[in-house]
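All remarks here apply to the structure that follows.
The values are calculated or read from the model by the stated rules, or taken from the named source; none is laboratory data. Values in this document were obtained by computation on a predicted structure and should not be read as measured data. When we count neighbours, we look across all protein chains shown, and the Cβ atoms used for this are built from the backbone with ideal geometry, even at glycine. Side chains are part of the model used for accessible areas, which takes the heavy atoms of the whole protein and leaves out ligands, DNA and RNA. Shrake-Rupley method; radii C 1.70, N 1.55, O 1.52, S 1.80 Å.
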Protein chains: 2
Amino acid sequence: MTGTPLGTTTITQIGIIVGDIEAKARAWSEILGVPLPQIRETAGYEETQAEYAGQPTNARAKLAFFDFGQVTVELIEPIDGPSTWRDQLEQHGDSLHHIAFRIQGMGEKIAWLGGHGIPLVQRGEFTGGRYAYLDAVPQLGSILELLESDAT
Amino acid sequence: MTGTPLGTTTITQIGIIVGDIEAKARAWSEILGVPLPQIRETAGYEETQAEYAGQPTNARAKLAFFDFGQVTVELIEPIDGPSTWRDQLEQHGDSLHHIAFRIQGMGEKIAWLGGHGIPLVQRGEFTGGRYAYLDAVPQLGSILELLESDAT
């Protein structure tokens, strides 16, 4: 944590949207020589309370995480509901999606970025924390993800 | 370095294609709270010996590098010649472009990836080393960049 606007300058994750997570996960494992992780599915709306474009959504995805030291590569296959994941798959195909930072104080960070013209596009809860995607493409050339853990 | 195919599993860089590097660099500095780097221009063909799609190219770009610990964010604005940079800007606009690994033995690494269906798309020299982009989008969902330094 630092005195910067997000409280951190440590990139913790790179997210990649894919249409076929099983094949992509096998390829990451083989080409990079890293263990093949278990592929998990995110929960439905009752658990995630997900919102996309300001509306509740049953956005769900299959996820696979690869550990590359400081940085995790997250593969994301959209499987249900409207989401930034599905939008990107339809518009750009398999492609890099976001750069993530681990922050504290989700509400104030979202508000600060909003005040700098970077809008929230999707948010949701998961076991142990929550995420938010902000569309910083016009400013930074990338979607940002903020990740907050309950344990501080 | 490890016994993996690329000899490393450390992601060292995330590349972002932008149409307006001065504005994007200012925004990265302001939003993330990191120093504004100098923007530099890559050299012409005589120095880079760059090849794109198997042909010599005068591909040039403006570059800005931001230090985020283990990972550098590289902003790239294409300014001359055919390149993977220009292709992506035309096809996808401002967008995440590549994940980079620092390797040794450029020729053998390019050959190994080629043997696994991941073709070389662009390569070139710079002061102190060389780079290669490989189109791993069908396999991994991202372009890979290999970076090799002369000093080992």
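Brief remarks on what is shown
- Percent accessible area from carbon and sulfur atoms, the range B:1-151, protein chains only, probe 1.4 Å: 48 percent
- With 5 Å bins from 0: P(r) over the range A:113-152, alpha-carbon pairs, percent: 6, 24, 28, 18, 13, 9, 1
- Along the axis of the charge dipole computed for the protein assembly as shown (Cβ charges of +1 for Lys and Arg, -1 for Asp and Glu, origin at the Cα centre), the listed residues B:Asn58, A:Pro138, B:His116 are led at the positive end by B:His116.
- Copies compared at B:Glu108 - label distances in nm, ascending, label defined 7 Å from Cα in the Cβ direction: 5.3
- Take each residue of peptide A:72-79, count the partner chain Cβ atoms within 10 Å of its Cβ, and average: the result is 1.
- The calculated FRET efficiency for the pair A:Glu47 and B:Glu30, based on their C-beta separation and a Förster distance of 35 Å, comes to about 0.45.
- Dipole axis of chain A (+1 Lys, Arg; -1 Asp, Glu on Cβ), positive-most option in A:Ile14, A:Pro78, A:Tyr45: A:Ile14
- Between helix A:21-32 and chain A: long-axis angle, C-alpha atoms, 0 to 90°, nearest 10: 80 degrees
- Spacing of the two label points (7 Å from each Cα toward its C-beta) at B:Gln38 and B:Leu147, in nm: 1.8 nm
- In this Cβ point-charge picture (+1 for Lys and Arg, -1 for Asp and Glu), chain A has a dipole of about 280 debye about its Cα centre.
- Shielding by other protein chains, B:101-108, mean Cβ within 10 Å: 0
- In the full protein context, the protein assembly as shown carries 42 Å² of accessible surface per residue, based on a 1.4 Å probe and ignoring ligands, DNA and RNA.
- Model label zone, B:Glu108; criterion: amide N under 14 Å from point 7 Å along Cα-to-beta-carbon; scope the range B:2-43: B:2-8
- Cα gyration tensor category, rounded, prolate or oblate, for the range A:1-89 with a/c compared to 1.5: oblate
- Hull volume in cubic angstrom per residue (convex hull over the Cα atoms of chain A): 116 Å³
- Backbone N within the range A:1-24 under 20 Å of label point (7 Å from A:Glu90 Cα along the Cβ vector): A:16-21
- Over 31 Å [Cα-Cα, the protein assembly as shown], rounded percent: 27 percent
- Taking B:Ala27, B:Ala132, B:Ala50 in turn, the Gaussian network model of chain B (Cα-Cα springs below 10 Å) assigns the largest fluctuation to B:Ala27.
- The orientation-averaged shadow of the Cα convex hull for the range B:72-133, equal to a quarter of the hull surface, comes to 5.1 nm².
- Note on the protein assembly as shown: Lys pairs 8 or more places apart or on different chains, Cα atoms under 23 Å apart, count 4.
- Spin-label zone in the range B:12-46 - amide nitrogen under 19 Å from a point set 7 Å from the Cα of B:Asp80 along the C-beta vector: B:18-22, B:39-46
- Inter-copy label distances at B:Pro56, using a point 7 Å along Cα-to-Cβ, come to 6.5 nm with the shortest given first.
- Label distances, nm, A:Thr72 versus same residue in remaining copies, Cβ-directed 7 Å point: 2.7
- Averaged over the residues of B:93-99, the number of partner chain Cβ atoms lying within 10 Å of the residue Cβ comes to 6.
- Taken along the Cα-to-beta-carbon direction at a fixed 7 Å, the label points for B:Asp20 and A:Asp67 span 4.2 nm.
- Here the dipole of the protein assembly as shown is about 340 debye; that uses its Cα centre as origin and unit charges on the Cβ of Lys and Arg (positive) and Asp and Glu (negative).
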